[in-house]
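Colleague: Below are the structure tokens for one structure; questions will follow.
The values are calculated or read from the model by the stated rules, or taken from the named source; none is laboratory data. Keep in mind it's a predicted model, so treat the numbers as computed, not measured. Note that we place each Cβ from the backbone using ideal geometry, even for glycine, and neighbour counts take in every protein chain shown.
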Amino acid sequence: MKKVLFLGVILTLLTVSPLFAHDTWVAQEGDALAVMWGHDGKSDPYKPTFVKNVKAFDAAGQDVGVTIKPEETRAVLAPAKATALVALLFETGAWVKTPEGYKNVSKREAKDVLESWKGSAHNKNIWQWHDNFAKPLGYKFEIVPLKNPLTLKVGESLPVQVIYDGKPKEGLEVKAGGGHADQKGVMTDKDGKANVTINQGGMQVIKTSLRTPLQNDPDADLLRESTNIVFQIK
């Protein structure tokens, strides 16, 4: 019965939602940390196996252990101690768009494919600051805040650096507010750096993305990658 319910929720999601525009973040729920995937603070259901390569750090900037606990339509994280920063990789696998909607399958498994892609997102959540967090964590694609974002006020800017494959990435548009299409961003320079203005209080999602054609891949034609940092300001 649970599997039928989960399938029904996922199918509803796939017919109405532009999945590549989703944000990923981690929400504190008591002693647990819930991995969220959706829009405007609201999470959609997803396969818990999407959550991979989780790292957690305490207020001293030290790596702490964390366990991924799968639930029916999401995953929660159980760190060994209180955390200041949690980062993860969220890999959604192959997707297609068809006249019937979006499906989490490869283009080999679908008919009348309009688009096909593989999706992944790196997510970094900051609740307390340590100077170590102004350095890359070793993910393929990440945004590095170059100063403490928790001290910002509305109207101020956050200097960031975008890293891809271990190197600064020039020419990517970095946006506040989750990177929605109607919001203007700022381009990274030759050093992968940009200054992103904070336009409102509350939950902040600083995001950039990259699309790369896949050559001779039987499952998808495009790789859609995104990366964000999430934090709160008053």
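Colleague: Of all residues in region 28-47 being farther than 26 Å from residue 211 by Cβ and modelled with pLDDT of 95 or more, which is farthest from the chain's Cα centre (by Cα)?
Modeller: 33
Colleague: Would you check if residue 218 is under 30 Å from residue 108 (Cα atoms), out of contact with any Pro (no Cβ under 7 Å at 6 or more places or on another chain) and touching a residue at least 24 places away in the same chain (Cβ under 8 Å)?
Modeller: On the way: under 30 Å from residue 108 (Cα atoms): yes; out of contact with any Pro (no Cβ under 7 Å at 6 or more places or on another chain): yes; touching a residue at least 24 places away in the same chain (Cβ under 8 Å): yes.
Answer is yes for this residue.
Let's see how each residue does on (1) assigned to a strand (DSSP E or B); (2) under 29 Å from residue 28 (Cα atoms):
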site: 123; (1), (2): yes, yes
site: 132; (1), (2): no, yes
site: 158; (1), (2): yes, yes
site: 170; (1), (2): no, no
site: 200; (1), (2): no, yes
site: 217; (1), (2): no, no
site: 230; (1), (2): yes, yes
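Colleague: May I pose another question? Taking the options 184, 169, name whichever one is in contact with a Gly (Cβ under 9 Å, 6 or more places away or on another chain) and either farther than 20 Å from residue 85 by Cα or of a type outside the set (A, V, I, L, M, F, W, C) (or both). Lay out the reasoning, then the answer.
Modeller: Numbers: 184 fails: in contact with a Gly (Cβ under 9 Å, 6 or more places away or on another chain).
Residue meeting the stated conditions: 169.
Colleague: Out of everything in region 135-149 that is part of a loop (DSSP other than H, G, I, E, B) and either at negative phi or of a type in the set (Ser, Thr, Tyr) (or both), what residue ends up being surrounded by the most Cβ atoms within 10 Å (Cβ to Cβ)?
Modeller: 139
Colleague: How many residues are in contact (Cβ under 8 Å) with a residue 40 or more places away in the chain, in contact with a strand residue (DSSP E or B) (Cβ under 7 Å, 6 or more places away or on another chain) and surrounded by fewer than 20 Cβ atoms within 10 Å (Cβ to Cβ) when one looks only at region 156-168?
Modeller: Filtering region 156-168 for residues in contact (Cβ under 8 Å) with a residue 40 or more places away in the chain gives 156-158, 160, 162, 164.
Next cut, in contact with a strand residue (DSSP E or B) (Cβ under 7 Å, 6 or more places away or on another chain) only: 157-158, 160, 162, 164.
Remaining after also requiring surrounded by fewer than 20 Cβ atoms within 10 Å (Cβ to Cβ): 157, 164.
So the count comes out to 2.
Colleague: To continue, here is another question. Tally up the residues in region 45-93 that are touching a residue at least 40 places away in the same chain (Cβ under 8 Å) and either in a strand (DSSP E or B) or surrounded by 14 or more Cβ atoms within 10 Å (Cβ to Cβ) (or both), please.
Modeller: Result for region 45-93: 26.
Colleague: Let me ask something additional. Please enumerate the residues belonging to region 176-209 that are modelled with pLDDT of 95 or more and among the basic types (Lys, Arg).
Modeller: Residues satisfying the conditions are 190, 193, 207.
Colleague: Say we look at region 194-207 and pick out the residues that are crowded, with 17+ Cβ neighbours inside 10 Å and not polar (S, T, N, Q); which of these is nearest to residue 230 (Cα to Cα)? Steps first, please.
Modeller: So in region 194-207, the residues crowded, with 17+ Cβ neighbours inside 10 Å come out as 194, 196, 198, 204-207.
Cutting the leftovers down to not polar (S, T, N, Q) gives us 194, 196, 198, 205-207.
On the way: 194: 17, 196: 13, 198: 12, 205: 5, 206: 7, 207: 9 Å.
By that ranking, first place goes to 205.
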